[in-house]
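Worksheet: the structure to be examined is printed underneath.
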Amino acid sequence: MSYEAFISGKSIKAKAVGISLPPRLSDSLFPYQRDIVAWALKRGRAAIFADCGLGKTLMQLEWANAVANHTGGRVLVLTPLAVAQQTAAEAARFGIKATVCRDGSLPSSGIVIANYQLIHKFSAQDFSGVVLDESSILKSFDGKFRSLIIDMFGATSFKLACTATPAPNDHVELGNHAEFLGVMKRPEMLATFFCHDGGETQVWRLKGHAEDTFWEWVCSWGVMVRRPSDLGYSDEGFELPAMKVVDHHVESGIKREGMLFAEHATDLESQRAARKSTLHQRCAVAAEMVNASDKPWIVWCELNDEGDELAKLIPDAVQVAGSDSDDDKTSRMIGFAHGLHRVLITKPKIAGFGMNWQHCANMVFVGLTHSYEQFYQATRRCWRFGQKSTVYAHAIITDVESSVAKNIKRKEKDSMHMASKMIQHTSSINSADIQLADSAHDQYNINDQRGSSFRAMMGDCVERVSELESDSVDFSIFSPPFASLYTYSNSARDMGNCRTHDEFHEHFAFLVKELMRVIKSGRLVAFHCMNLPTSKERDGYIGISDFRGQLIRMFQSGGWIYHSEVCIWKDPVTAMQRTKALGLLHKTIRKDSSMSRQGIADYLVVMRKPGENVVPVAHTHDDFPVERWQRYASPVWAVADGVDDEGFMVMSQDINPSETLQKESAREDKDERHICPLQLDVIRRSIRLWTNPGDIVLSPFMGIGSEGYVALQERRKFIGVELKRSYYDQALKNLRSVESAPVQPSLFGGES
């Protein structure tokens with residue numbers, strides 16, 4: 001494989017596996033709907049995240065009909081309870097043949113519609129495609145059911161997931177969709193694009209450099225739209241009326257002994273107690289509002305006792321309870337949709353997904369939970385495109401539950417902010433893809449700056465090193481990137497942005513080959529590295545990966561000779577304080593020492609190119625007296641400080657870890673870690689030991705120029721390559737600060 005093909009293949013975008021030339025679609029579709037369906041058919045496995053009222057049902061029916069006609073098979077459309085009948089009615093309205101199945105009996109071909117609860121009656125092998133309607137409902141089921149859906153349709157060729165714009169502060173939901181579509185497993189998505197801050201292991205956030213790449217990846221399999229204009233279409237006919245949330249406060253009468261006023265309930269137990277003690281008051285307030293009106297109402301409750309009490313207080317209401325049969329639930333929900341019942345009493349988790357009740361503009365929540373998702377979905381049954389009136393959502397809460405209402409409002413504000421950011425990131429990409437415009441963009445740039453004794457090359461190290469003459473470099477020293485996705489850049493050319501060890505191996509092998517070509521026979525390459533701690537999320541286990549050994553084997557596979565290595569001692573106390581690694585914590589040895597481990601050392605590994613070194617690197621006694629050579633020759637660079645009370649040698653660092661170049665000016669806001677330049681002591685010892693004055697030193701990962709800085713100080717010449725602009729600019733400053741053009745011989749024929 002060529003290097004260009006490899007870089008192109010590193011793209012994480014989902015590949016199209018669908019129908020390359022979609023059939024003619026119905027003229028009943030709006031232009032944005034028609035283009036979305038055509039795009040989803042080409043993808044083959046796609047998600048449509050479209051806000052309520054934008055026509056997801058018609059889009060998924062058109063998609064399913066096209067797949068069924070293309071394959072000559074069946075497509076299963078799974079829906080929430082009672083939505084199957086609405087979907088079938090929609091299909092009939094637009095002349096699409098679809099069959100509602102409840103017992104597992106199947107037509108010979110075409111669209112089959114069934115509720116999620118009936119999935120056990122079907123086999124995935126009987127279908128060439130599957131549609132998950134209101135796919136975010138999967139969060140309401142337990143983990144086993146979600147896994148069943150994902151595993152059951154793992155081999156299905158065509159898949160479509162449809163829901164309203166997913167909760168943007170819940171990236172796990174996107175992970176569930178990606179896993180269902182076979183794009184990427186949820187744990188892999190989290191490990192690739194997300195990280196933890198501090199000790200909050202359940203709180204994930206996008207890495208700074210991963211943000212754009214993440215949304216580009218999402219756009220390769222999902223389209224997000226809150227209104228047609230998000231994709232460049234007209235919003236005519238898609239203007240939402242206002243929705244007003246009205247709070248009603250009920251006195252709970254709950255006071256702790258010795259307190260004059262009721263305290264806010266800060267835990268679930270006290271909040272449940274407040275709800276039970278005020279059940280009659282809250283239901284009475286709701287019933288008074290509903291009974292004073294002759295318009296349709298939805299009354300949302302959470303407790304069975306609330307539903308029963310409300311049914312007694314509101315004479316013309318019909319209740320849909322969890323204990324009702326699926327047939328009764330469906331009949332009453334459809335009856336409300338058709339105007340047979342004026343008032344519907346139910347729970348958000350029963351009827352909060354999928355139903356179209358635009359005929360109703362009034363609802364009341366007889367209490368709130370902390371779930372913004374439930375509140376969002378419940379209100380969208382009425383407040384959706386197609387609604388003509390102002391929607392009123394009344395919320396009845398007790399005086400001690402104000403924190404619940406505040407939490408919902410905070411989540412709503414966060415959600416709107418994140419939704420705006422999500423659309424901001426995705427609208428241009430989606431509109432280009434949906435409307436088949438050219439969305440390709442490549443921000444890869446190169447630069448070349450020369451001094452009297454250095455050459456600084458910006459760009460991809462493999463490509464830029466390939467420009468150097470064969471057998472022209474005397475020594476190379478560098479610190480290769482560790483596997484740490486999107487830590488310093490989002491470029492596919494960044495070797496740190498490799499999802500697997502195999503991908504890194506393949507990428508790094510291109511550089512190993514170029515180094516073999518440009519290094520002189522018998523001369524050396526030294527790389528600085530450490531073994532890498534693994535994590536549960538990324539690797540599936542807590543342990544250590546032999547990164548040092550992998551690098552050695554990569555060089556050996558490229559024809560290099562394993563020459564020598566130095567272990568650079570590091571203080572485990574400092575490492576513990578910086579990383580808070582479980583294996584280094586003292587509490588771990590008290591709890592279970594089988595999880596305790598030693599600190600992780602640094603290594604300087606030296607590889608030799610086969611052949612005879614034509615120009616020996618010879619040193620005088622003054623340069624290398626015996627005492628200095630003995631210290632350099634030690635396999636561990638550390639200093640013995642004495643013996644402790646138990647007779648163990650006390651060690652300290654022979655290498656000064658703080659002696660590095662200034663680095664903060666090169667750090668960018670999106671960098672997830674501080675720049676870690678190679679210690680100047682390590683570079684200086686290596687250059688003094690393995691090069692002659694005037695030799696050319698190469699660093700393919702120049703960073704902020706540490707290797708070049710020392711090389712110029714030691715009267716050597718330097719070539720460095722760096723991909724990232726901010727690091728490259730800082731490296732130029734560092735190189736120019738040490739360069740002494742009047743006395744140093746020119747390697748490149750003059751200054752830049």
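Just so it is clear, none of the values below were taken in a lab; they were calculated from the coordinates. In this text, all values refer to a predicted model and were calculated from it rather than measured experimentally. Glycine also receives a Cβ, built like all others from the backbone with ideal geometry; neighbour counts cover every protein chain displayed.
For segment 447-738, what is the percent of antiparallel DSSP beta bridges, rounded to the nearest 5?
Numbers: 25 of 43 bridges.
Antiparallel bridges: around 60 percent, rounded to the nearest 5.
Mean residue ellipticity at 222 nm from the helices of the chain, using -39,500 (n - 2.57) per DSSP H segment of n ≥ 4 over the full residue count, to the nearest 500 deg cm²/dmol? Intermediate results must be reported in sequence, preceding the final value.
On the way: 25 runs with 268 residues, N = 752.
Calculated mean residue ellipticity at 222 nm is -10500 deg cm²/dmol.
To the nearest 0.05, how large is the calculated FRET efficiency for Ala284 and Asp539 if R₀ is 35 Å and r is the Cβ-Cβ distance?
Values: r = 57 Å, r/R0 = 1.62.
Result of the calculation: an efficiency of 0.05.
Within segment 530-613, list the GluC sites (Glu not before Pro) lying in a DSSP loop whose Cβ has at most 11 other Cβ atoms in a 10 Å radius. Each step should come with its number before you reach the end.
On the way: sites: Glu537, Glu565, Glu612; in loops: Glu612.
Within segment 530-613, the qualifying GluC sites (Glu not before Pro) (loop, at most 11 other Cβ atoms within 10 Å) are Glu612.
Taking 0.36 nm per residue of sequence separation and subtracting the Cα-Cα distance, how much length would be gained by fully extending the chain between Asp212 and Phe624, in nm to one decimal?
Details: separation 412, 0.36 × 412 = 148.32 nm, distance 5.20 nm.
Extra length from Asp212 to Phe624 when fully extended: 143.1 nm.
How large is the Kirkwood hydrodynamic radius of segment 384-438, counting all unique pairs of alpha carbons, in Å?
Values: mean 1/r = 0.0679 Å⁻¹.
Mean inverse Cα-Cα distance, inverted, gives 14.7 Å.
Out of Gly222, Ala395, Ala191, whose Cα points farthest toward the positive end of the dipole of the chain (charges: +1 Lys, Arg; -1 Asp, Glu; placed on Cβ)?
Checked the options; the winner is Gly222.
Simple spin-label model, 7 Å along Cα-to-Cβ: Arg517 to Leu303 in nm?
7.6 nm
Return the long-range amide H neighbours of His563 (sequence gap of 5 or more, or a different chain), with a cut-off of under 5 Å between placed amide H atoms.
Residues meeting the amide H criterion: Val606, Met607, Arg608.
How much of the DSSP bridge set in the chain is antiparallel, in percent, rounded to the nearest 5? Kindly include the intermediate steps, with their values, before the conclusion.
On the way: 27 of 94 bridges.
Within the chain, antiparallel bridges account for around 30 percent of the total.
Over the residues of segment 30-231, compute the C-alpha Rg and express it relative to 2.2 N^0.38 Å.
That works out to 1.02 for segment 30-231.
Out of residues 5 or more away from Ala47 or on other chains, whose amide H comes under 5 Å of its own, with H placed 1.01 Å from N in the peptide plane?
For Ala47, whose amide H was placed from the backbone, the distant partners under 5 Å are Ala161, Gly222, Val223.
First measure r as the distance between the Cβ atoms of Gln713 and Ser564, then evaluate 1/(1 + (r/R0)^6) with R0 = 35 Å and state the FRET efficiency to the nearest 0.05.
Result of the calculation: an efficiency of 0.90.
In nm, to one decimal, how far is the modelled label at Thr71 from the one at Ser593, with both set 7 Å along Cα→Cβ?
Those two pseudo-labels are separated by 5.9 nm.
Give me the extension gain from Asn291 to Asp326: residue separation times 0.36 nm, minus the current Cα-Cα distance, reported in nm with one decimal. It would help to have the intermediate numbers written out before the result.
On the way: separation 35, 0.36 × 35 = 12.60 nm, distance 2.80 nm.
Residue separation times 0.36 nm, minus the Cα-Cα distance, leaves 9.8 nm.
For segment 412-554, give me the percentage of DSSP beta bridges that are antiparallel, rounded to the nearest 5 percent. The partial results should precede the final answer.
Details: 6 of 11 bridges.
Here the antiparallel bridges make up roughly 55 percent for segment 412-554.
About its Cα centre, what dipole magnitude does the chain give when the only charges are +1 on Lys and Arg Cβ and -1 on Asp and Glu Cβ, stated in debye to the nearest 20?
Here the chain has a charge dipole of around 900 debye.
Name the lysines eligible as straight-distance cross-link partners of Lys411: C-alpha to C-alpha under 22 Å, and not fewer than 8 places from it in the same chain.
In chain and number order, the partners are Lys139, Lys207, Lys244, Lys347, Lys349, Lys421.
Counting Lys and Arg as +1 and Asp and Glu as -1, each charge on the Cβ, what is the dipole of segment 30-231 about the Cα centre in debye, to the nearest 20? Mind showing how you got there, number by number?
Details: 20 positive and 20 negative charges, 112 e Å.
Roughly 540 debye for segment 30-231.
Using the Cα centre as the reference, give the magnitude of the dipole from point charges on the C-beta atoms of segment 447-738 (Lys, Arg: +1; Asp, Glu: -1; all else neutral), rounded to the nearest 20 debye. Write down the numbers at each step before the final one.
Values: 38 positive and 40 negative charges, 60 e Å.
The calculated dipole for segment 447-738 is roughly 280 debye.
Can you list the lysines whose alpha carbon sits under 17 Å from that of Lys733, skipping same-chain ones fewer than 8 residues off?
Lys663, Lys717, Lys724
Just round it to a whole percent: the fraction of Cα-Cα distances in the chain exceeding 34 Å.
On the way: 168746 of 282376 pairs.
In whole percent, the share of Cα-Cα pairs in the chain beyond 34 Å is 60.
Under 13 Å from a label point 7 Å along Cα→Cβ of Asp103: give me every residue in segment 317-336 with its amide N that close.
Output list for this probe position: empty.
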